[in-house]
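Here is the structure we will look at, set down as structure tokens.
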Amino acid sequence: MHKPGIRMKYYITTAIAYTSKKPHIGNSYEIVLTDAIARFRRLQGYDVYFCTGTDEHGQKIEELAKAEGVTPKEHVDRVAGEIRAICDLLNTTYDRFIRTTDADHEAAVQSIFKRLYDKGDIYKGEYEGNYCVPCESFFTDAQLKDGKCPDCGRPVTRAKEEAYFFRLSKYQRQLEEYIESHPDFIYPEARKNEMLNNFIRPGLQDLCVSRTSFRWGIPVPFDDRHVIYVWIDALSNYITALGYRADGSSDLYKKYWPADVHIVGKDIVRFHTIYWPIMLMALGEPLPKKVYGHPWLLFGEDKMSKSKGNVIYADELVERFGTDAVRYYLLSEMPHASDGSISYAEMIDRFNSDLANTLGNLVNRTVAMTNQYFGGILPCRSEADDAVDLPFKRDIEAVLPAEAAAFDAFKIADALEAVIGGAKRSNKYIDETQPWALAKDPEKKARLSTVLYNLIEAIRIIAVELSPFMPETTDRILAQIGTDLKSYESIQRFGGLEPGFRVGEAQPLFVRINAPQLLKEIEAEMREKTRAAKCAAQIAGVAKIGVDDFAKVDLRVAGIMTAERVKGAKKLLKLTLDLGSETRTVVSGIAKQYKPEELIGRRVIMVSNLQPAVIGKIESQGMILAADAGEDDVRLIFADGIPLGSQVK
Ligand code: MSP
């Protein structure tokens, strides 16, 4: 709860993103969500510390870097740079961007590992189990799903290695009791029950927390054949970012820990509500107050994936719609408990209806009328009509409590809807008061001024309430209405804006998008992306051949002498080809794309040493080369102007 006058601390974090590849818009959602919460708490007067960053160690990174021919550090430097650039592009206000390769983090993780070892909570043993390389996790036979990794569904390999173990089992009762006595710890409720029933109560096994099978990790400080398991390394970031060390902590840590909330995706709630609290218990440190497991953002019905060609990146969206509109859409679409989906059609629709129409028109009309009727400065003689004005003011004042309650419950889309509701209510007030009609009557000048004042004050309040979601828009609106009054106190009650302000030029905040045209463009781009993804997968899938294999194919330039349709076969053309030294009959499936008459006289490339085959009852003595350029789109490779019979190699 917000207590005016007392500056309370608020520590908020996101999960730290893997640096395997550039993150898609689904990954970027979390940082925007967290940023909105951080900004709202700052607006309320909290002393906020907001931490995000990147998770950079592990076998997968080591392998990716090898495949790219770079060092792991070079690889993670590039991807962490891309991730940070996206956070900046989305205008997120993190206080620290922690990288697990930062020297202070690495040293602190080693101090944590040593402390747990010295305490006897980490011990050396031997691990034998099913190992999933991409997930970097061991699984027992019982945990496998159809013999495959339960997390990613890929095959596992049998592996045995000397390893250090963390005594999770020792803390099972303590964790269970903690969760039961702190009903707010895991949020939402359904996730709490899932954790208790599916994982904790059935029994916790000790966790394997070191690896010897690869090198790209933080070395175990007293046994450097081992590197520390990535989740121990990654989870520690929440305290190492504040300067925590097992051998003496910083003021920042003392000030901000425990975290008020960790914002993480639903898939990693388990790590944050089992491994992480137990690590903290073993270290004797307080537990975070809350872990919020948010749902996922999908594109249409599908998970985004590069191979499906439906990946959307934040920078592409920002380039098209602008940072604030992207933030608006992500935050307004995201449900609180179940997965959300985004689509371009919906994004454009929301842009036009909520941003251009509801919000943009409200500001534009009000500023334009203030300029037109009063030269930009309101005389502001108060002539209220209580029957119309009081309910309006009451409704505008009700927005902030609704917004705050929704933020408290992590219902961010509801918070945003409350604010847009304020803009809708203001448009309704324009309909109720009809300022253009008042302007026609010189007797009604004072009333007109009051109406416009009320509108500008409502716009100011709404603009400030919008700042956690669309900070640039807030500043643009306040500049247009000529005020910088934006404290939390000033928006709690209607009427804080002192007369005497001068409104600026009316400028459209959001220019309406021509939806059909843009959608057509986007569809063409998406088709191209899908096609490119398909080609990439095909190329990756074909086996390499030696130059001798290729030399077995004899390719020659041939001229088309005759061309005719094959009766009863819609796709086939029968061609007579001139190789210079001889002629051949070839049947080709290109009738849908080419008319016989347009081919005569053209030169193409032919496979001359193919065994003859009967196609459409005709013996085809070779094959001509064509590209498969998409669905039903076959294009011949022409070789006009090249001498007949020339070999292609
Ligand atoms: N590195 C781990 C987290 C370690 S935290 C100590 C990780 N990284 S991740 O890059 O895979 O995911 C980062 C965050 O993005 C996670 O919270 C994850 O749930 C979230 N999301 C990944 N895909 C997402 C969507 N499609 N939609 C919303 N969030 C998604 O897990």
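The values are calculated or read from the model by the stated rules, or taken from the named source; none is laboratory data. These numbers come from a predicted model, not from an experiment. Positions of Cβ are backbone-derived with ideal geometry, glycine not excepted, and every protein chain shown enters the neighbour counts. Just so you know, the surface numbers come from the protein's heavy atoms only, side chains and all, with ligands and any DNA or RNA stripped out. Shrake-Rupley method; radii C 1.70, N 1.55, O 1.52, S 1.80 Å.
Ligands, DNA and RNA left out, the accessible area of region 274-405 computed with a 1.4 Å probe is 50% carbon and sulfur.
How much length is gained if the chain between residue 190 and residue 633 is pulled fully straight, taking 0.36 nm per residue apart and subtracting their Cα-Cα distance, in nm to one decimal?
Details: separation 443, 0.36 × 443 = 159.48 nm, distance 4.97 nm.
Here the answer is 154.5 nm.
Annotation for region 475-513: chymotrypsin sites (Phe, Trp or Tyr not before Pro) lying in DSSP loop with at most 13 further Cβ atoms inside 10 Å of their Cβ do not exist. Figure legend: label point modelled 7 angstrom from the Cα of residue 387 along Cα→Cβ; residues of region 445-470 with amide N under 18 Å from it are 447-448, 451.
The accessible surface of region 2-124, taken with every protein chain in place and a 1.4 Å probe, is 52 percent carbon and sulfur. Length gained on full extension, residue 119 to residue 550, computed as 0.36 nm times the residue gap minus the Cα-Cα distance: 148.7 nm. Across all directions, the average projected area of the convex hull around the alpha carbons of region 220-264 is 3.9 nm².
Note on residue 394 and residue 595: the model spin-label points, each 7 Å out from Cα along the C-beta direction, lie 7.5 nm apart. Report summary: the helix-based calculation at 222 nm, which adds -39500 (n - 2.57) for every DSSP H run with n ≥ 4 and divides by the residues of the chain, gives -12500 deg cm²/dmol. Spacing of the modelled spin labels on residue 7 and residue 444, each 7 Å from Cα toward Cβ, amounts to 4.9 nm. Three principal axis extents of region 549-618 based on alpha-carbon atoms, in descending order, are 35, 24, 20 Å. Near residue 252: Cβ cut-off under 13 Å, other residues only, Lys/Arg at +1 and Asp/Glu at -1. The net charge is +1.
In this model, which of 21/266; 9/124; 9/60; 73/544; 393/440 are farther than 28 Å apart at the alpha-carbon? Before the final figure, lay out each step's value.
Numbers: 21/266 20 Å; 9/124 40 Å; 9/60 37 Å; 73/544 30 Å; 393/440 25 Å.
Beyond 28 Å between Cα atoms: 9/124; 9/60; 73/544.
According to a simple spin-label model (label point 7 Å from Cα along Cα-to-Cβ), what is the distance in nm between residue 74 and residue 583? Output for this residue pair reads 5.9 nm. Within straight-line reach of residue 119, meaning a Cα separation under 18 Å, sit the following lysines at least 8 residues removed in sequence or on another chain: 170.
Percent of Cα-Cα pairs more than 42 Å apart in the chain, please.
Details: 95224 of 210276 pairs.
Tail of P(r) above 42 Å: 45 percent of Cα pairs.
Which residue, 392, 415, 375, has the largest displacement toward the positive end of the dipole of region 348-430 when charges sit on each Cβ (Lys, Arg +1; Asp, Glu -1)? Final value for the positive-end residue is 375. Can you say what percent of the DSSP beta bridges in the chain, counting only those with both residues inside, are antiparallel? Round to 5. Around 70 percent antiparallel, to the nearest 5. Given R₀ = 25 Å, what would the calculated FRET efficiency be for residue 543 paired with residue 607, taking r from the Cβ atoms and rounding to 0.05? The calculated FRET efficiency here is 0.80. For region 470-546, the fraction of 1.4 Å probe accessible surface lying on carbon and sulfur atoms is 56 percent.
Magnitude of the Cβ-charge dipole of region 446-523, K/R +1 and D/E -1, about the Cα centre, nearest 20 debye? Can you show the working numbers first?
On the way: 8 positive and 10 negative charges, 56 e Å.
So the magnitude is around 260 debye.
Rounded to the nearest 0.05, what FRET efficiency is calculated for residue 617 and residue 346 with R0 set to 51 Å and r the Cβ-Cβ distance? The partial results should precede the final answer.
Numbers: r = 52 Å, r/R0 = 1.03.
Approximately 0.45, to the nearest 0.05.
Which whole-number percent gives the relative contact order of the chain, counting Cα pairs below 8 Å spaced six or more residues apart? Taking the mean separation of contacting Cα pairs over the length of the chain, I get 11 percent. Here the mean projected area of the convex hull built on the C-alpha positions of region 294-450 is 11.6 nm².
For the chain, what does the accessible surface come to per residue with a 1.4 Å probe? Please give it in Å². The partial results should precede the final answer.
Numbers: 29610 Å² over 649 residues.
I get 46 Å² per residue for the chain.
Gain in length, residue 141 to residue 532, computed as 0.36 nm per residue apart minus the alpha-carbon separation, to one decimal in nm?
Contour length minus the Cα-Cα distance gives 136.8 nm.
For residue 244, the amide hydrogen comes within under 5 Å of the amide hydrogens of 250, counting only partners 5 or more places away or on other chains and with H modelled in the peptide plane. Straight-line cross-link partners of residue 570 among the lysines, defined as a Cα under 29 Å from its Cα and at least 8 positions apart when in the same chain: 534, 592, 595, 617. Figure legend: label point modelled 7 angstrom from the Cα of residue 562 along Cα→Cβ; residues of region 596-618 with amide N under 14 Å from it are 597, 600-601.
Can you give me the Kirkwood hydrodynamic radius for region 238-299, using every pair of distinct Cα atoms, in Å to one decimal? 12.6 Å is the Kirkwood radius here.
Could you size up the charge dipole of region 561-608 around its Cα centre, putting +1 on the beta carbon of Lys and Arg and -1 on that of Asp and Glu, and report it in debye to the nearest 20?
Here region 561-608 has a charge dipole of around 320 debye.
In summary, region 355-396 shows an alpha-carbon radius of gyration equal to 1.39 times the 2.2 N^0.38 Å reference for compact globular proteins. With a Förster radius of 35 Å, plug the Cβ-Cβ distance of residue 95 and residue 173 into 1/(1 + (r/R0)^6) and report the FRET value to the nearest 0.05. After rounding, the FRET efficiency stands at 0.45.
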